[in-house]
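A.B. asks: Quick one: structure below, then a few questions.
The values are calculated or read from the model by the stated rules, or taken from the named source; none is laboratory data. The structure presented is a predicted model; accordingly, all values stated were derived computationally and were not measured. FYI the Cβ positions are ideal-geometry reconstructions off the backbone, even for glycines, and counts take in every protein chain you see. The accessibility values were calculated without ligands, DNA or RNA, using every heavy atom of the protein model including side chains. Shrake-Rupley method; radii C 1.70, N 1.55, O 1.52, S 1.80 Å.
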Amino acid sequence: MIRRPPRSTLFPYTTLFRSREMTSKINAEEEYHKQRAGNKDLLNLVVIGHVDAGKSTLMGHLLWLLGAVSKKIMHKYEQESKKIGKSSFVYAWVLDETGEERSRGVTMDVAYSRFETPTKSVTLLDAPGHKDFIPNMITGAAQADVAILVVDATRGEFETGFESGGQTREHALLVRSLGVSQLLVAINKLDTVNWSKNRYEEIVKKLNQFLRQAGFKEGDVTYIPCSGLTGENLVEDLKEESLKAWYNGPTFIQQIDMFRSPGRSVSKPFRLCVSDVFKSQGSGFSISGKVETGFVQNGDKVLVMPIGEQATVKNIFIDNESQTGAFAGEIGRAHV
């Protein structure tokens, strides 16, 4: 019986390559422009931060405001969350889909979703914040181009996550070590301190110093005051007078749209870092991950490293939709 390897053993040691003798005769650059012409720039975004900073609620509310969640589904979540006395978790349930995550109120695995800004097509990776699930957080961060660090502005809560052995520091260091250079810091739950400018500036000052030491350039880090629960400063113009009195910057979604899209090495040899492996119906396996470089299409022969075994790509899926191929930067699933 073949067992699924533990997540911690999958990254970064298992990788799919196309060797020279297997190289496709199709010109990858031409195929990319042919199939993806007119598409918005692709951006893979991971959301990180200390447990209970409000990551899932923030991003779930954003997806709702952007129309990525239907009214029917949202109404269902409202009713179900009220029944178990967790009505404040309603937006988090958009991304926390398993029964265990919902009962515990903690994200345990990376949740994938997608939304669009005026110029970007964003793949969202909502990573767990609890220290017990750091391997899963790394799985999400390893596939990201940019990151959102969510911190809780509530007095005592920010300090717990940042200064008392919390995950704020560790998550920031991990994403930087994995190649993420652009960071949006969402100062969440600022409504709990009455949109205090002094509290906002206090948090910015502490984080600025640490993030520079972690290797982030000052011009690549931005700060947004917001509330994931009320939706303030996520998509629409400011409504809170206390916040309007001192903040006149971009909204959360506008700042996401300002992220620079990384260059995609489509013409280089194919390489995909495996993030998950599971047995498919019938023969073969399904392998998910991010295409780091190159291009792969149905029928291609690939090498699974480091074991050196050859496999044939039977089907490719992106966002659960069948595709003829996948290009550098895209996160998908291949049946081999």
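A.B. asks: Please compare each pair in Lys189/Lys217; Lys268/Lys290; Lys71/Lys239; Lys120/Lys189 to a cut-off of 21 Å on the Cα-Cα distance and tell me which ones are over it.
C.D. replies: With Cα atoms farther than 21 Å apart: Lys189/Lys217; Lys71/Lys239; Lys120/Lys189.
A.B. asks: If each residue of separation counts as 0.36 nm, what is the full-extension length gain between Ser70 and Asp41 once their alpha-carbon separation is subtracted?
C.D. replies: 8.0 nm
A.B. asks: List the aspartates and glutamates whose Cα sits under 14 Å from the Cα of Lys131, skipping any in the same chain fewer than 8 residues away.
C.D. replies: Hits, sequence-local ones excluded: Asp52, Asp109, Glu170.
A.B. asks: Positive end of the charge dipole of the chain (Lys, Arg +1 and Asp, Glu -1 on Cβ, about the Cα centre): tell me which of Val110, Ser265, Leu65 has its Cα farthest that way.
C.D. replies: Ser265
A.B. asks: Same structure, new question: Tell me, which longest segment in the chain has none of the chymotrypsin sites (Phe, Trp or Tyr not before Pro) that fall in DSSP loops with at most 13 further Cβ atoms within 10 Å?
C.D. replies: 14-245
A.B. asks: Test of the criteria: in the stretch 143-186, which trypsin sites (Lys or Arg not before Pro) are in a DSSP loop and have at most 13 other Cβ atoms within 10 angstrom of their Cβ?
C.D. replies: Passing both the DSSP loop test and the Cβ count: Arg155.
A.B. asks: Taking loop as defined by DSSP and a crowding limit of 15 other beta carbons within 10 Å, which trypsin sites (Lys or Arg not before Pro) in the stretch 241-293 fit?
C.D. replies: Those satisfying the criteria are Arg260.
A.B. asks: Please return the longest range in the chain lying between exposed loop sites, taking GluC sites (Glu not before Pro), DSSP loop only, at most 14 other beta-carbon atoms within 10 Å, and leaving the sites out.
C.D. replies: Formally, the longest exposed-site-free interval is 98-235.
A.B. asks: Only Cα pairs within less than 10 Å get springs; with that Gaussian network setup on the chain, which residue of Gly228, Gly156, Gly140 has the largest fluctuation?
C.D. replies: Gly156
A.B. asks: Right, something else. Counting only helical runs of four or more DSSP H residues, what would the 222 nm mean residue ellipticity of the chain come to if each run contributes -39,500 (n - 2.57) and the total is spread over all its residues?
C.D. replies: That comes out to -8000 deg cm²/dmol.
A.B. asks: In the chain, what percent of the accessible surface is made up of carbon and sulfur (1.4 Å probe, ligands and nucleic acids excluded)?
C.D. replies: The value for the chain is 49 percent carbon and sulfur by accessible area.
A.B. asks: A further question on this structure: Go ahead and run the numbers for FRET between Lys301 and Lys239, Cβ-Cβ distance against an R0 of 51 Å, rounding to 0.05.
C.D. replies: It comes out at approximately 0.35.
A.B. asks: If you don't mind, there's one more thing I want to ask. Restricting to Cα pairs below 8 Å that are 6+ residues apart, what does the relative contact order work out to for the stretch 236-336? Please round to a whole percent.
C.D. replies: 24
A.B. asks: Which residue fluctuates most in the GNM of the chain (Cα springs below 10 Å): Ala245, Ala142, Ala186?
C.D. replies: Ala245
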